[in-house]
Ligand code: NCD
């Protein structure tokens with residue numbers, strides 16, 4: 001009988017599925033470490049051996065540019081062996097089940113599985129079939145914890161704060177279908193921020209109980225209160241069109257036009273997870289202005305993922 005490299009019945013390693021898994025203390029620890037990695041990324045040579053001998057599988061069942069690339073780059077910079085899984089060329093196309101795919105990866109001995117899936121809750125289900133560290137890279141409209149961490153790192157750097165008490169985050173757009181808004185809301189509240197959702201009723205989560213947020217349908221009435229304005233793209237792949245009268249009306253009421261942004265606080269920053277829908281979420285003039293930190297967020301995405309890997313699989317075997 002072949003010896004099990006990783007027997008799934010063994011105790012599972014630490015995973016990062018939802019942002020609350022880390023707790024406020026864990027979040028601050030990861031952010032502090034990510035700040036250090038962000039500084040190291042400014043050095044000309046960026047190679048560490050913290051993850052030497054470790055292996056990571058990127059299991060992306062849904063499209064991604066930034067998230068997948070940064071998980072890959074972060075792992076490689078830290079010396080891990082990183083293997084990408086492409087849905088279109090995998091056995092999933094031949095009808096293989098999610099469970100068999102996860103068990104196959106586990107038996108190969110991967111230390112971490114980075115998972116993106118269109119079904120909310122998929123990474124939790126997968127954890128039952130593997131003792132590798134599972135890292136949720138976005139599940140349906142549910143959670144995207146590493147995005148929330150890189151958002152927080154960007155705010156820390158830009159506003160020069162480590163806790164978020166006294167800060168007001170306004171999330172504008174298609175909140176109903178957004179995993180980013182869920183994880184980022186939780187994280188910012190855990191660090192002390194106040195959160196307001198700004199959206200038409202059809203683009204708000206159907207049940208707002210448990211969110212402890214303020215809600216507004218009128219961006220111009222509240223924009224001047226925000227320190228951070230987070231714009232959420234209409235998530236077209238999750239049936240956006242049926243929920244608004246038309247895109248022009250959405251743009252008129254919620255786009256971050258120049259004239260609208262004139263009412264924002266002087267220090268207010270814009271966050272955007274990407275991909276940005278230029279002309280819908282904001283015009284080019286605002287997208288390319290200093291207020292919009294989406295490129296900084298992308299850069300911080302690498303540092304945050306390095307810190308997460310280090311925490312989950314960086315220790316002794
Ligand atoms: C987000 C996602 O996939 O949830 N993007 C990302 O991870 N960079 C947000 C989005 O797709 O709008």
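What follows is calculated from the coordinates using simple rules that are stated; it is not laboratory data. It should be emphasised that the depicted structure is a prediction, and the values quoted were computed from it without experimental measurement. Cβ sites come from the backbone with ideal geometry, for glycine too, and all protein chains shown count toward neighbours.
Per-structure values
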item	result
Spin-label model distance (nm) - residue 86 vs residue 237, 7 Å beyond Cα toward Cβ	1.7
Compactness of the chain - radius of gyration and Dmax, Cα, Å	19.8, 70
Candidates 51, 223, 243: whichever shows maximal mean-square fluctuation once the chain is modelled as a Gaussian network with Cα springs under 10 Å	243
Spread of Cα-to-Cα distances over 5 Å intervals beginning at zero, given as percent, for the range 44-117	3, 15, 26, 23, 17, 10, 4, 2, 0, 0
Scattering profile of the range 216-258 at q = 0.23, 0.31 Å⁻¹ [log10 I(q)/I(0), Debye over alpha-carbon scatterers]	-0.92, -1.25
Point-to-point label distance, residue 45-residue 21, nm (Cα→Cβ direction, 7 Å offset)	3.4
Compactness relative to 2.2 N^0.38 Å, alpha carbon Rg of the range 1-135	1.11
Length-normalised contact order of the range 122-220 in % [C-alpha pairs under 8 Å, at least 6 apart]	25
Length-normalised contact order for the chain - Cα pairs under 8 Å, 6+ apart - percent	21
Estimated FRET transfer efficiency (residue 248, residue 93; beta-carbon r; R0 41 Å; 0.05)	0.55
Value of D in µm² per second that Stokes-Einstein yields for the range 218-317, Kirkwood Rh from Cα pairs, at 37 °C (0.692 mPa s)	213
Angle in degrees between helix 66-77 and the longest Cα principal axis of the chain, rounded to the nearest 10	40
Pairs of alpha carbons in the range 258-317 whose separation is greater than 12 Å (percent)	73
Highest-first arrangement of 60-72, 122-134, where packing means the average Cβ count within 10 Å	122-134, 60-72
Computed E for residue 290/residue 118 - FRET, C-beta separation, R0 45 angstrom, nearest 0.05	0.80
Gain in span if fully extended, residue 63 to residue 125, counting 0.36 nm per residue against the direct Cα distance	20.3 nm
